[in-house]
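In what follows, a single structure is set out as structure tokens and then discussed.
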Amino acid sequence: RMFIKPSSKIKPVNIPDAGIKNTSMKILTAGKGNYILRKFTIKKSGHTPFHKHHWEHEIYVTKGNGLLQYKKGKKLLKSKLSEGGVVYIKPFEVHQFQNNGKKDFEFLCIVPGKK
């Protein structure tokens, strides 16, 4: 069945992780297909946890400026992100998104829907 709903009507979910600051997430299409579409909003000075997991995800930046902090081998690297930027994160890659701007940093995140 087709799913149509304004994202403004979807409430953010609680992310129970001590490594998060000023970050909210909306699950936009969970259970509707093979993938889950999520929207993250990171407020000024906020960030996601520095973490890894067993699934891949694709990122599309929709608003603001941020940083992607990640590990490559033993090196800790940072890449600037801005509106229109895309990122592919492989399973088990350690990563963190940070807002380094004055306005909200928002991105869509697509992850597999089936475990």
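The values are calculated or read from the model by the stated rules, or taken from the named source; none is laboratory data. Every value quoted in this text rests on a predicted model; they were computed, and no experiment measured them. Methodologically, a virtual Cβ is constructed for each residue, glycine included, from the backbone with ideal geometry; neighbour enumeration extends over all protein chains shown. When the accessible area is computed, the model is the full protein with side chains, heavy atoms only, and any ligands, DNA or RNA have been set aside. Shrake-Rupley method; radii C 1.70, N 1.55, O 1.52, S 1.80 Å.
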Per residue, how much accessible surface does the chain expose to a 1.4 Å probe? Answer in Å², no decimals. 67 Å²
Tell me the relative contact order for the chain as a rounded percent, counting alpha carbon contacts under 8 Å between residues six or more apart. 31 percent
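Give, as a single signed number, the net charge of other residues whose beta carbon lies under 13 Å from the beta carbon of LYS43, with Lys and Arg counted +1 and Asp and Glu -1.
Values: positive: LYS21, LYS44, LYS63, LYS102, LYS103; negative: ASP104, GLU106.
Neighbour charge sum, excluding LYS43 itself: +3.
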In square angstrom, rounded to the nearest 10, how much accessible surface does GLU93 have for a 1.4 Å probe? 60 Å²
If Rh is defined by the Kirkwood formula over all Cα pairs and Rg also comes from Cα, what ratio Rg/Rh do you get for the chain? 0.96
Under-5 Å amide H pairs with THR29, H placed in peptide plane, nonlocal only: LEU37
Considering only DSSP states other than H, G, I, E and B, which chymotrypsin sites (Phe, Trp or Tyr not before Pro) in region 23-87 qualify as loop sites with at most 16 other Cβ atoms within 10 Å? PHE50, TRP55
What shape does region 1-55 take by its C-alpha gyration tensor, where a ≥ b ≥ c are the square roots of the eigenvalues and a/c under 1.5 counts as rounded, a/b above b/c as prolate, and the rest as oblate? oblate
Plugging the Cβ-Cβ distance of HIS51 and PHE3 into 1/(1 + (r/R0)^6) at R0 = 25 Å yields, to the nearest 0.05, a FRET efficiency of 0.30
Pop out the carbon and sulfur fraction of the accessible area of region 35-115 as a percent, whole number, probe 1.4 Å. 55 percent
